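The values are calculated or read from the model by the stated rules, or taken from the named source; none is laboratory data. Source: prediction; values computed, not measured. Cβ placement follows ideal geometry from the backbone for every residue including glycine, while neighbour counts extend to all protein chains displayed.
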Amino acid sequence: MRAAFALGLGLSFAALAAALVSLVWTPHDVTALAIAERLRPPSAAHWLGTDHFGRDIASMLMAGARTSIAVALVAVGIGLGLGVPLGLLAAARRGTLADEVVMRGNDLIFAFPSLVIAILITAVFGPSAVNAIIAIGIFNVPVFARVTRGAALSLWTLDFIRAAEVAGKGRIRISAEHILPNVASLLVVQGTIQFSLGILAEAGLSYVGLGAQPPLPSWGRMLAEAQTMVTLAPHVAIFPGLAIVLTVLGLNLMGDGLRDRLDPRLRRAA
Amino acid sequence: MSLLAVRDLTLAIRGARVLAGVDFDIAAGEVFGLVGESGSGKSMTALALMGLAPQGARAAGRADFAGRNLLALPERALTGLRGNEIGMIFQEPMTALNPMKTIGDQVAETLLIHRAATRAGARAIARETLARVGLPGDRFALSLYPHELSGGQRQRVAIAMATALRPKLLIADEPTTALDVTTQAQILDLLRGLARDEGMALMLITHDLAVVAGMAARVAVMQAGRIVERGATAALFRTRAHDYTRRLFAASEHRPLRRPARPRQKGGGALLSVEGAVREYRLPRPGAFAPHPRLRAVDAVSLTIDPGESVGLVGESGCGKSTLSRAILGLDPLQAGVIRLDGRQVTPGHTMPPQMRAKMQVVFQDPYGSFNPRHRVERLVSEPFHLTGRPRDARARVAAALEEVGLQADDMAKYIHEFSGGQRQRIAIARALIIRPALIILDEAVSALDVRVRAQVLDLLVALQASHGLAYLFISHDLGVVRKVTDRVLVMQAGRIVEQGATEAVLTRPEHPHTRALIAATPTIPADWKEPANAAQT
């Protein structure tokens with residue numbers, strides 16, 4: 001399992017590094033069109049070849065990583081920022097109206113297919129990377145709220161919470177001081193999984209034209225644009241596809257490995 | 001000819017030696033006791049015999065069971081023996097049964113696995129076995145699920161599963177430790193009866209010397225993976241040849257030296273008074289339109305505790321002891337009645353002023369669940385300062401509190417997992433002491449501790465009471481402990497106080513039938529097995 005975790009870390013950091021490097025340098029300008037150079041196979045000048053406008057695929061993948069990671073990161077941030085407090089509140093007020101409202105609200109969001117909501121949002125506000133972030137982020141909220149509430153409920157029955165109550169601490173303070181640190185490892189793991197799902201969702205939305213708009217490079221749109229030419233120039237579709245698969249795989253392996261390392265029960269057994 | 005002969009059993013888990021040269025014999029039909037403190041290797045011995053030792057364990061030696069060496073048998077042969085010729089029951093009746101299967105299916109499963117009967121035949125045998133362990137068919141249908149049974153009844157089902165095939169040997173690992181005294185007495189009766197009627201040998205693993213005294217013909221004492229002493233129970237209890245055995249007995253008979261509380265001075269009020277306290281819970285509706293039934297967990301309870309007094313509260317689990325303690329601590333509201341602390345009314349949650357809350361603290365039973373594993377001891381112990389405001393010399397106060405309970409000041413930089421159960425209980429006491437409360441509620445505070453550690457913690461509690469003038473509400477199901485450290489005792493049953501009075505008087509001349517039942521069920525070491533010399537020492 002150590003090797004899988006190392007592989008996951010490596011792949012995740014490779015994607016992150018590509019995104020960071022693309023901020024200052026890419027092999028070629030991703031907005032420069034060179035129709036004469038189009039659909040070139042991989043070569044020394046263009047490591048991964050060029051697309052139907054003659055843009056360098058390696059450069060576009062690096063810049064695309066930036067979009068994917070930014071969208072997924074902010075979406076996970078929205079989920080954590082709203083979902084965790086809601087989950088803590090629901091657990092602290094277990095069985096009360098507040099708990100019911102939060103959890104039924106979560107059910108309501110879960111009841112809608114995420115893609116439909118994303119289409120709804122883009123239909124109203126127009127397609128853009130920001131709207132993709134909002135659509136993906138909204139669906140992260142109930143995920144984090146449920147994970148937090150579930151873990152917090154079992155903590156609330158423990159005696160150290162009782163001791164804190166006897167020390168006159170209120171529910172909010174107990175949630176912040178005692179509950180949150182003990183669910184943090186779970187949230188880190190869930191965060192990596194939601195992060196990889198966010199990358200997939202961004203690629204999916206961009207693929208159907210609801211995410212990042214040109215000229216902002218995006219792995220999903222690269223796939224969409226390449227699909228008509230798959231038989232002609234397969235490399236144009238294969239490389240963005242590989243980028244998505246490897247990044248998502250890497251994040252999932254990293255999440256699994258983190259769970260094994262952070263879960264105190266598993267750690268004690270080792 | 002012995003049924004089981006264990007010779008030089010050694011077990012190492014990833015290189016760490018857990019058992020070293022364990023020797024003992026169990027004759028057919030005999031009750032054999034294996035006693036020792038937690039971590040001494042009692043359970044590991046049983047698991048090694050069954051071939052169920054944890055991963056990475058290596059066993060060596062011999063264990064001849066009916067002519068076959070258990071340690072040399074392949075896994076296939078062992079599965080044929082387990083449940084068939086050797087049965088086993090465990091401590092925790094709540095987790096020993098599969099919650100998704102009916103009790104009938106679970107007992108029948110043992111028979112089906114060993115192909116001892118057809119499906120219909122297995123159910124018939126299951127029925128008969130359950131009746132034999134005290135769950136007759138007219139009241140306990142085979143279609144019941146474990147959650148519909150009490151702890152004692154579940155343990156009976158576990159015994160039925162283990163004995164359905166009439167094994168030659170039943171290994172019982174702390175079978176009654178998680179049960180109430182009265183239920184414990186019934187389960188021990190049942191095990192004794194099964195062993196006698198069916199000629200089944202019983203290997204009883206326990207930490208409780210009194211339980212062994214009443215059950216086993218022969219006993220072995222284990223310490224740190226070795227058997228230090230073995231022999232006929234009465235003889236071993238009388239002579240106590242080995243030093244460790246002596247210390248074990250001294251601890252279980254140990255009585256902390258305490259002065260009885262002085263009677264309240266004229267004009268002085270009670271520290272705590274509870275008058276007519278009622279705590280009700282709303283249960284789920286039995287039907288869609290039926291009203292919520294109500295459970296009265298605490299029913300018109302009245303009691304008083306004087307400053308510096310030690311009051312015991314005894315009763316079976318579910319009688320309302322802990323619910324009452326939550327109400328006294330101001331964590332739950334009352335439906336009727338008044339609780340006063342130092343003359344002022346206790347109210348739940350934020351409505352009680354912190355200065356008043358600071359007069360009460362609590363120590364819980366479970367030394368493992370009582371602390372936030374992510375905080376250092378300094379932060380854990382100083383938590384009650386939330387009530388008083390953090391003083392300038394907080395660190396020094398934490399250091400002083402740790403030293404008072406017999407730990408070192410530099411322990412405050414450590415995390416809780418670095419401490420043993422007894423040490424954790426000391427830290428819990430330090431946390432309760434740090435703001436100098438007038439009353440400490442001890443909710444089964446020593447129940448989870450080994451006898452020797454328990455004796456030390458009781459000594460500590462008594463010493464702290466004398467030096468700080470503390471009042472204790474000592475909640476326990478263990479009459480022996482309550483007798484050692486309290487002035488008065490209250491007996492609780494089904495939410496009501498059924499008897500109260502001076503501890504010695506109530507426990508020697510009980511008047512209420514429930515008190516009598518509790519006392520009769522408490523296992524004791526026969527008085528004539530105790531050495532006079534030993535009694536004089538303590």
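Would you mind stating whether B:Q408 is under 30 Å from B:F249 (Cα atoms), out of contact with any Asp or Glu (no Cβ under 6 Å at 6 or more places or on another chain), of a type in the set (S, T, N, Q) and free of Cβ contacts under 8 Å to residues at least 12 places away in the same chain? So B:Q408 fits the description; yes.
Listed by first and then second residue, the pairs linking a residue in region A:96-107 that is farther than 15 Å from A:G150 by Cα to a residue that is not charged (D, E, K, R), with Cβ atoms under 8 Å apart and 6 or more places separating them unless they lie on different chains, are A:A98/A:L89; A:A98/A:A90; A:G105/A:P142. The one condition from (1) within 14 Å of A:Q190 (Cβ to Cβ); (2) without any contact (Cβ under 8 Å) to a residue 40 or more places away in the chain that A:G126 does not meet is (1). Just one residue in the set A:V102, A:V124 is aliphatic (A, V, I, L, M) and modelled with pLDDT under 90; that residue is A:V124.
Reported count of residues in region B:169-185, each being closer than 26 Å to B:L111 by Cα and surrounded by fewer than 21 Cβ atoms within 10 Å (Cβ to Cβ), is 2. Against the conditions (1) within 14 Å of chain B (Cβ to nearest Cβ); (2) modelled with pLDDT under 90, A:N131 satisfies every one except (1).
Those residues that are more than 14 Å from chain A (Cβ to nearest Cβ) and buried (at least 18 other Cβ atoms within 10 Å of the Cβ), I need them from region B:402-418; list them, please. If the condition is that a residue be more than 14 Å from chain A (Cβ to nearest Cβ) and buried (at least 18 other Cβ atoms within 10 Å of the Cβ), then B:L402, B:E404, B:V405, B:L407, B:D411, B:M412 are the ones that fit.
Taken over region B:387-397, the criterion of being within 14 Å of chain A (Cβ to nearest Cβ) and part of a helix (DSSP H, G or I) is satisfied by B:L387, B:T388, B:A394.
To keep it simple, each residue is scored yes or no on (1) among the polar types (S, T, N, Q); (2) buried (at least 22 other Cβ atoms within 10 Å of the Cβ); (3) out of contact with any strand residue (DSSP E or B) (no Cβ under 9 Å at 6 or more places or on another chain).
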position: A:P42; (1), (2), (3): no, no, yes
position: A:L48; (1), (2), (3): no, yes, no
position: A:A70; (1), (2), (3): no, no, yes
position: A:L88; (1), (2), (3): no, yes, yes
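When B:P333 is tested against (1) more than 8 Å from every other protein chain (Cβ to nearest Cβ); (2) closer than 28 Å to B:F419 by Cα, only condition (2) is not met.
Considering only region B:444-464, how many residues are surrounded by fewer than 23 Cβ atoms within 10 Å (Cβ to Cβ) and closer than 23 Å to B:G330 by Cα? Qualifying residue count for the region: 1. Residues in region B:350-378 that are in a helix (DSSP H, G or I) and within 8 Å of another protein chain (Cβ to nearest Cβ): B:H350, B:P354, B:R357. Of the strands (runs of 3 or more DSSP E) entirely within region B:1-50, those holding at least 1 residues that are modelled with pLDDT of 90 or more and surrounded by fewer than 17 Cβ atoms within 10 Å (Cβ to Cβ) occupy B:2-13, B:16-27.
From the list B:V506, B:V481, the one residue that fits, being surrounded by 23 or more Cβ atoms within 10 Å (Cβ to Cβ) and without any contact (Cβ under 8 Å) to a residue 40 or more places away in the chain, is B:V506. Tell me, please, whether a residue that is among the hydroxyl-bearing types (S, T, Y) and outside any helix (DSSP H, G or I) can be found in region A:51-64. No, the conditions are met nowhere in region A:51-64. Out of all the residues in region B:80-118, which are touching a residue at least 60 places away in the same chain (Cβ under 8 Å), among the hydrophobic types (A, V, I, L, M, F, W, C) and either surrounded by 17 or more Cβ atoms within 10 Å (Cβ to Cβ) or over 26 Å from B:I205 (Cα atoms) (or both)? Within region B:80-118, B:I86, B:M88, B:I89, B:F90, B:A96, B:L97 meet the criteria. Restricting region A:90-109 to residues that are of a type outside the set (S, T, N, Q) and not in a helix (DSSP H, G or I), the residue that is surrounded by the most Cβ atoms within 10 Å (Cβ to Cβ) is A:R93. Selection of region B:484-503 for residues being assigned to a strand (DSSP E or B) and either in contact with a helix residue (DSSP H, G or I) (Cβ under 8 Å, 6 or more places away or on another chain) or crowded, with 19+ Cβ neighbours inside 10 Å (or both) yields B:R488, B:V489, B:L490, B:V491, B:M492, B:Q493, B:I497, B:V498, B:E499, B:Q500. Can you say whether B:S317 is among the small types (G, A, S), in a loop (DSSP other than H, G, I, E, B) and without any contact (Cβ under 8 Å) to a residue 60 or more places away in the chain, as far as the supplied structure shows? Against the criterion (among the small types (G, A, S), in a loop (DSSP other than H, G, I, E, B) and without any contact (Cβ under 8 Å) to a residue 60 or more places away in the chain), B:S317 does not qualify. The residue list B:A241, B:A224, B:A220 contains one member that is touching a residue at least 24 places away in the same chain (Cβ under 8 Å) and surrounded by fewer than 20 Cβ atoms within 10 Å (Cβ to Cβ), which is B:A224.
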